């Protein structure tokens, strides 16, 4: 989320998101204009670690109380990568087949 570059590979232009030493393609999913993106040092570190885990085909988990910014952090990450985000609110009544 700090730096994006455009690279030319084999005659075509690719937009690449580069974070630290990791790279991934930009998804080109138009998600509209963000209402507000607020990153403080803590959410930046969380976002970086989630992205790094994802790029290495690992899993990441956000844990926290209601209204602590978990979903907003994921929305900002998906917007930064041009990817659509689907969110399911799970409760004790959510059947496993929905997941």
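The values are calculated or read from the model by the stated rules, or taken from the named source; none is laboratory data. Just so we're clear, the structure is a prediction, and the values are computed from it rather than from any experiment. Don't worry about glycine lacking a Cβ; one is built from the backbone with ideal geometry, like all the others, and counts go over all protein chains shown.
Within the range 10-37, work out how many residues are exposed (fewer than 10 other Cβ atoms within 10 Å of the Cβ) and either under 14 Å from the mean Cα position of the chain (by Cα) or modelled with pLDDT under 70 (or both). Walk me through it before giving the result.
Filtering the range 10-37 down to residues exposed (fewer than 10 other Cβ atoms within 10 Å of the Cβ) leaves 10-13, 21, 28, 30, 32-33, 35-36.
Imposing the further condition that a residue be either under 14 Å from the mean Cα position of the chain (by Cα) or modelled with pLDDT under 70 (or both) reduces the set to 10-13, 28, 30, 32-33, 35-36.
Residues meeting the conditions: 10.
Pairs, please: C-beta under 6 Å, at least 6 apart or cross-chain, first residue closer than 14 Å to residue 72 by Cα and in the range 44-62, second assigned to a loop (DSSP other than H, G, I, E, B)?
From residues that are closer than 14 Å to residue 72 by Cα, the pairs are 50/60.
Pull out all pairs, ordered by first then second residue, where Cβ-Cβ is under 8 Å, the residues are six or more apart or on different chains, the first lies in the range 72-92 and is without any contact (Cβ under 8 Å) to a residue 40 or more places away in the chain and on the phi < 0 side of the Ramachandran plot, and the second is loosely packed, with under 10 Cβ neighbours inside 10 Å and part of a helix (DSSP H, G or I).
Pairs that qualify, where the first residue is without any contact (Cβ under 8 Å) to a residue 40 or more places away in the chain and on the phi < 0 side of the Ramachandran plot and the partner is loosely packed, with under 10 Cβ neighbours inside 10 Å and part of a helix (DSSP H, G or I), are 88/98.
If residue 2 satisfies every condition in (1) at pLDDT below 80; (2) surrounded by 14 or more Cβ atoms within 10 Å (Cβ to Cβ) but one, which is the exception?
Of (1) at pLDDT below 80; (2) surrounded by 14 or more Cβ atoms within 10 Å (Cβ to Cβ), only one is false for residue 2: (2).
Considering each residue of the range 45-71, count those that are assigned to a helix (DSSP H, G or I) and exposed (fewer than 14 other Cβ atoms within 10 Å of the Cβ), and give that number. Step through it out loud before you land on a result.
Taking the range 45-71 first, the residues assigned to a helix (DSSP H, G or I) are 45-55, 70-71.
Remaining after also requiring exposed (fewer than 14 other Cβ atoms within 10 Å of the Cβ): 45, 49, 53, 71.
The qualifying residues number 4.
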